[in-house]
Each structure stands twice: as C-alpha cells, then as structure tokens.
Amino acid sequence: MSKVNTMAARDTAAPRNFGTILKDLDWRRYVIYIGFVVVFLFFAVLLRDQGFLSPNNLLNIFRQTATITVIAVGMTYVIACAEIDLSVGSVAGLSSVCTAMALSQWGLVPGILAGLAVGLVVGSINGALVSLLGIPSFLVTLGMLGIAVGVAQWITASAPQPILNDTFNTVFGSGNFGPVPGLVVWSAIFVAIGAVVLNRTRFGRQVLATGGNRNAAEFTGINTKRIKFQVLLISGMVASVAGMLYAGRLQSGRFQWGAGDELSAIAAVILGGTSLFGGFGSIIGTLFGALLIGLINNGLILAGLDSSQQQVVRGAIIILAVALARKK
C-alpha cells in the first residue's frame, strides 16, 4: 500500500515541478531570440511573394548587418563595463578615409596600418580621458564624435577617396571566401572572438565585475581604471576595422561612412540583453540584436514603406523589445 502511495505522490508532484520550472524561467533573457523568430515568421508570411525568403535576400540581411555587428561587439564590452562610446561611427568614417589615402600613397600594408592607427589613437585618447581624468565617457566620446568627423571632412575636403587596390577591396568586404561573403566571415570572426573573451577569460570577468560594481571590483584587486581604458581602446580599434570594411565594400573612403552607426550598435547591444547599467553582456545576444534590426529594415523596404514610415515602425519595435526585456 505504501508503494502505491509513493508512486501516486510522485505522479502528482511531476506536474507541479514542471509548472514551477516554467514559473521560475526568466523568459526575459530570451526575448531577443523570441522576437527574432516572431519578426522573421511575420515577414516570411507577409512578404512571401516579394522574395523575402529567397537565399539572396537572406544573405543580403547578413551582409548588410555585418559592419554594425562588428561595431556592436566592441560596444558590448563598453556597455557591459557601464560606459558608452558615441564616437564609433565617426571613427569608422575617419578610418576609411585614412586607409584610402594611405593606400593610394604607399600601398596595401601601410593603408591597413593607417586605418588601425586611427582606432588606436582615438581609443587611447577616449580611454585616458575617462580612466585617468574621470570625465564621463558620454561627454568624452560625444566630443570625439565631432572631432573625428571634422578631421575626416577636413583632410579630404569633403571629397570621396577612391580605392583601386583590388586585394584590399576583396579582403575587406567586396570579395567572398568560398561561397560565403567576406563581410559575413569578418562578422563571424569578431563574434566568435568576442564571445570567447567575454565569457571564458579573466579579462571578460573583470569587465563584467567593473560594470556590475566598481567598488567591489576594486576591493577584489581589479584595476578598474585599466579595464575602462582597455574597453574604450577595444571599441576604437573595432570601429577602425569597421571603417575599413566600409571602404572595402564601397571601394572608397568617405567621412560619411559610419554616420549614425553608434545608435544602431547601442540598440543592437541593448536588444541583445546587455545591461545598459553594466555588469552583464552577451555577444551572441548582440549578434541577434543586430540581425533583428537588419531583418526589420529589410522587411520594411520590401513591404514598400517610405523612409519616414520605416523609422516609425523600426523605433516602435525596438522600444517594445527593450521594454519586454527590461528586468523587474
């Protein structure tokens, strides 16, 4: 009789345990993935006759979001550290023109080094002003946004700088690596490295600890000033690579490249689940955040909405997604 009672109790407990699991599940952590699937299915049904599901269109979504994804990987580290970088878009533009000008004068390797040097210099200045002088990163990078755009426009006299180096154009955006577009390969490399470093290394843990509670991090021996300097340096370097990807894909350097990308990158990072107040970051979530933005842009264009309507719908979807993902 006791054996029967035991089996009956086990059977009645199972549903209750499953319900408890569902209740305790923090679905807000997965809202970006749920939202991505919902938006994808919506456009797949609505735009099935406009070629939304065609392989070329789906590949275009990945290609068009690749540069934002690269920038957003660096931005994830900055925001997870409870800082912000508003200069990434202008750094990308400055990097593109410096790369183009150096390529035309000295060749491939100096051109690449010139582009990287832009990110190194700007990232170092941003990091030093924030970590050593204690100036808020919002103000520092907002000022640097204007400086970088002004310098890029000044040294080019607002004229585009053509890039005729086929090797550079092929490697940085225009070419394919086998059947895969080069831009997709670049974004995959940055996402993979960014995810491993953030989740599996001591540096990644220190970034999250600094963003979560700076005082507690300092008590454990973490040099939070050094961490802040490093994340802003990383952001600048990543943005300079994004500028070279713009230059290679569009075969020219222009100060306009990257304009507004800082807002798209921040949106992708926040949509991906990274806390705006620091302490938590997800590179994979950032990838899906960037893809969601690209998916929305692509779907709205195929739906025939004009640019003003696209901005309204895009903004509403982003606000809704962030509101759903907000922690209680």
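Values quoted throughout were computed directly from the atomic coordinates according to the rules given, and no laboratory measurement underlies them. Remember, it's a predicted structure, so these values are computed and weren't measured experimentally. As a convention, Cβ positions derive from the backbone with ideal geometry for all residues, glycine included, and neighbour counts pool all protein chains shown.
Quick one: angle between helix 55-80 and the longest Cα principal axis of the chain, in degrees between 0 and 90, rounded to 10, please.
90 degrees
Decide, for segment 256-317, between rounded, prolate and oblate: order the square roots of the alpha carbon gyration tensor eigenvalues as a ≥ b ≥ c, take rounded if a/c falls under 1.5, and otherwise choose prolate if a/b is larger than b/c, else oblate. The partial results should precede the final answer.
On the way: a/c = 2.30, a/b = 1.86, b/c = 1.24.
In terms of gyration-tensor shape, prolate.
Multiply the residue separation of Phe277 and Ile34 by 0.36 nm, subtract the distance between their alpha-carbon atoms, and state the gained length in nm to one decimal. It would help to have the intermediate numbers written out before the result.
Working: separation 243, 0.36 × 243 = 87.48 nm, distance 2.32 nm.
In short, 85.2 nm is gained.
Specify the angular offset, from 0 to 90 degrees and rounded to the nearest 10, of the alpha carbon long axis of helix 202-212 from the longest principal axis of the alpha carbons in the chain.
The two axes meet at around 80 degrees.
For the chain, set up a Gaussian network in which alpha carbons nearer than 10 Å are linked by springs, and say which option among Asn56, Asn126, Asn223 fluctuates the most.
Looking only at Asn56, Asn126, Asn223, the biggest GNM fluctuation is shown by Asn56.
So who's got an amide H within less than 5 Å of the one on Phe177, skipping anything under 5 residues away but keeping other chains? H placed 1.01 Å off N, in plane.
Amide H to amide H, under 5 Å and 5 or more residues apart or across chains, Phe177 pairs with Gly182.
Which one of Ala80, Ala44, Ala148 has the biggest mean-square fluctuation once the chain is modelled by GNM with Cα springs under 10 Å?
For the chain, modelled as a Gaussian network with Cα springs under 10 Å, the answer is Ala44.
Strictly greater than 17 Å: what percent of every Cα pair in segment 169-223 meets that? Let's see the in-between values first.
Working: 806 of 1485 pairs.
The calculated P(r) of segment 169-223 puts 54 percent of pairs beyond 17 Å.
What Kirkwood Rh does the chain have if only Cα atoms enter the pairwise 1/r average? Answer in Å. If you can, show how the numbers build up before the last one.
Values: mean 1/r = 0.0473 Å⁻¹.
This gives a value of 21.1 Å.
What spacing in nm lies between the two simple spin-label points modelled at Ala157 and Ser308, each 7 Å away from Cα in the Cβ direction?
Calculated label separation equals 3.8 nm.
Comparing Glu83, Glu262, Glu218, which has the greatest mean-square fluctuation in the GNM of the chain with Cα pairs linked when under 10 Å apart?
Judging by the Gaussian network model, the answer is Glu218.
Packing-wise, with mean Cβ within 10 Å as the measure, how do 209-215, 158-164 rank, highest first?
Values: 209-215: 18.6, 158-164: 15.4.
So the order, starting with the most tightly packed, is 209-215, 158-164.
Which shape class applies to segment 93-201: rounded if a/c is under 1.5, otherwise prolate when a/b exceeds b/c and oblate if not, where a ≥ b ≥ c are the square roots of the Cα gyration tensor eigenvalues?
Values: a/c = 2.44, a/b = 1.16, b/c = 2.10.
Oblate, since a/c reaches 1.5 and b/c is not below a/b.
Which of the peptides 304-314, 195-205, 58-68 is most tightly packed, and how do the rest follow, judged by the mean count of other Cβ atoms within 10 Å per residue? Don't skip to the end; give the middle numbers.
Values: 304-314: 12.0, 195-205: 14.9, 58-68: 19.6.
So the peptides 304-314, 195-205, 58-68, ranked by packing, come out 58-68, 195-205, 304-314.
For segment 238-310 and segment 78-140, what is the separation of their Cα centres, given in Å?
18 Å
Could you check the simple spin-label distance between Asn223 and Leu58, using points 7 Å along Cα→Cβ, in nm with one decimal?
Computed distance between label sites Asn223 and Leu58 equals 4.8 nm.
Per the Debye formula with a single identical scatterer at each Cα and no solvent contribution, what log10 I(q)/I(0) holds for segment 137-295 at q = 0.09, 0.19 Å⁻¹?
-0.37, -1.32
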